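Here the structure comes first, spelled out in structure tokens, and everything after it is commentary.
The values are calculated or read from the model by the stated rules, or taken from the named source; none is laboratory data. Values in this document were obtained by computation on a predicted structure and should not be read as measured data. For neighbour counting, all protein chains shown are included, and Cβ atoms are generated from backbone atoms with ideal geometry for every residue, glycine included. With ligands, DNA and RNA removed, areas are computed over all heavy atoms of the protein, side chains included. Shrake-Rupley method; radii C 1.70, N 1.55, O 1.52, S 1.80 Å.
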Amino acid sequence: MQVSVEGKMVEVSDGASCADALKEGLSGKRFKAAIACKAGDTLLDLTAPVPTTAETLTLTPVTADTPEGLGLIRHSAAHVMAAAVKKLFPAAKVTIGPSIENGFYYDFDAPFSFTQENLDALEAEMKKIVKADLPVEKRFITVEEGREIFKGQTYKLELLEEYAEKGWQLSVYRQGDFTDLCAGPHLMSTGAVKAVKLLSTASAYWRGDAARDSLCRVYGTAYPKAAELEAYLNMLEEAKKRD
């Protein structure tokens, strides 16, 4: 199968991953910078198989210095934070954790309110998970498998049943002992989350419905480089002074 990678036609075998295809078409430095891949307009994990639906397929590397790459880093950071919460506070139930304009958040149903001391502990645990450089693995599941994986996780089970009813393909991402229901894509290891900071907490309602459960939302941000994170935090401090 032939694939176009930044204007270069490369031959890849059936079942080859996006990483395999990019490696054939990019310089070593350019390939090393790739954290994901675009097939047309679809964002994919590097480990995803090269799509075979298009007659002429164009693959584009996604790097950390692009808006898509930054969103990917922040989404993966949200999963790292959720893993840290479950490690330190096993009774907490996880809900959803998307990337947003200036960072990410994750909502939790916990039997307490998160304090600054909690955030400091979570950030320290996140750094341990990042340092461990755990592989992030995607797996497609059946609804029955999902019910077993997320037994007792009320919010994940609600989403699982809803997605299954819509006929969506169900998938999970696992890093170490933590598994989350997610379509992805994600970074391929926790070590790729280079610079992260937890910022604040707020109250939120499950699915934005005031009639549903009240949750604790933890906000954070992440950047490809520590210097970029530091610049953003300095900007926040200056904004506080002006206010």
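Report yes if some residue within region 139-148 is without any contact (Cβ under 8 Å) to a residue 40 or more places away in the chain, aliphatic (A, V, I, L, M) and open to solvent by 60 Å² or more (accessible area, probe 1.4 Å); otherwise report no.
no
Of all the residues that make up region 65-87, how many are open to solvent by 10 Å² or more (accessible area, probe 1.4 Å), over 14 Å from the mean Cα position of the chain (by Cα) and within 16 Å of Val196 (Cβ to Cβ)?
Adding up the residues that qualify gives 1.
Give me the residue from region 208-227 that is of a type outside the set (A, V, I, L, M, F, W, C) and under 19 Å from the mean Cα position of the chain (by Cα) and, out of that set, surrounded by the fewest Cβ atoms within 10 Å (Cβ to Cβ). Step through it out loud before you land on a result.
Filtering region 208-227 down to residues of a type outside the set (A, V, I, L, M, F, W, C) leaves 208-209, 212-214, 217, 219-221, 223-225.
Next cut, under 19 Å from the mean Cα position of the chain (by Cα) only: 217, 219-221, 223-225.
Numbers: Arg217: 17, Tyr219: 18, Gly220: 23, Thr221: 23, Tyr223: 23, Pro224: 19, Lys225: 12.
For region 208-227, the residue satisfying everything is Lys225.
Sort out which residues of region 189-220 are closer than 16 Å to Ala83 by Cα, touching a helix residue (DSSP H, G or I) at 6+ places or on another chain (Cβ under 8 Å) and in a strand (DSSP E or B), and write them in order of number.
Residues satisfying the conditions are Val196, Lys197, Leu198, Val218, Gly220.
Which condition from (1) closer than 23 Å to Gly208 by Cα; (2) touching a strand residue (DSSP E or B) at 6+ places or on another chain (Cβ under 6 Å) is the one that Glu101 breaks?
(2)
Report, by residue number, each residue of region 22-38 that is closer than 18 Å to Gly184 by Cβ and either modelled with pLDDT under 90 or more than 21 Å from the chain's Cα centre (by Cα) (or both).
Selection gives Leu22 alone.
Out of curiosity, is Pro61 over 30 Å from Ala121 (Cα atoms), open to solvent by less than 30 Å² (accessible area, probe 1.4 Å) and without any contact (Cβ under 8 Å) to a residue 60 or more places away in the chain?
So Pro61 fits the description; yes.
Restricting the first residue to region 175-198 and requiring it to be surrounded by fewer than 21 Cβ atoms within 10 Å (Cβ to Cβ), which pairs with a second residue that is in a loop (DSSP other than H, G, I, E, B) and of a type in the set (Val, Ile, Thr) meet a Cβ separation below 6 Å and a spacing of at least six or different chains?
Listed pairs, sorted by first residue: Met188/Val136; Ser189/Val136.
Go through (1) closer than 19 Å to Leu160 by Cα; (2) charged (D, E, K, R); (3) touching a Pro at 6+ places or on another chain (Cβ under 9 Å) for Asp107 and report which single condition fails.
It is condition (3) that Asp107 fails.
So, in region 89-129, exactly how many residues are free of Cβ contacts under 8 Å to residues at least 24 places away in the same chain, assigned to a helix (DSSP H, G or I) and small (Gly, Ala, Ser)?
Counting residues in region 89-129 that are free of Cβ contacts under 8 Å to residues at least 24 places away in the same chain, assigned to a helix (DSSP H, G or I) and small (Gly, Ala, Ser) gives 1.
Glu161 - would you say it is over 27 Å from Leu44 (Cβ atoms) and part of a helix (DSSP H, G or I)? It would help to see each step written out before you state the result.
Numbers: over 27 Å from Leu44 (Cβ atoms): no; part of a helix (DSSP H, G or I): yes.
In short, no.
Test Leu22 against the stated conditions and say whether it is open to solvent by less than 70 Å² (accessible area, probe 1.4 Å) and either closer than 18 Å to Pro135 by Cβ or polar (S, T, N, Q) (or both).
So Leu22 does not fit the description; no.
Lys166: free of Cβ contacts under 8 Å to residues at least 60 places away in the same chain, closer than 26 Å to Thr221 by Cβ, surrounded by fewer than 16 Cβ atoms within 10 Å (Cβ to Cβ) and basic (Lys, Arg), yes or no?
In short, no.
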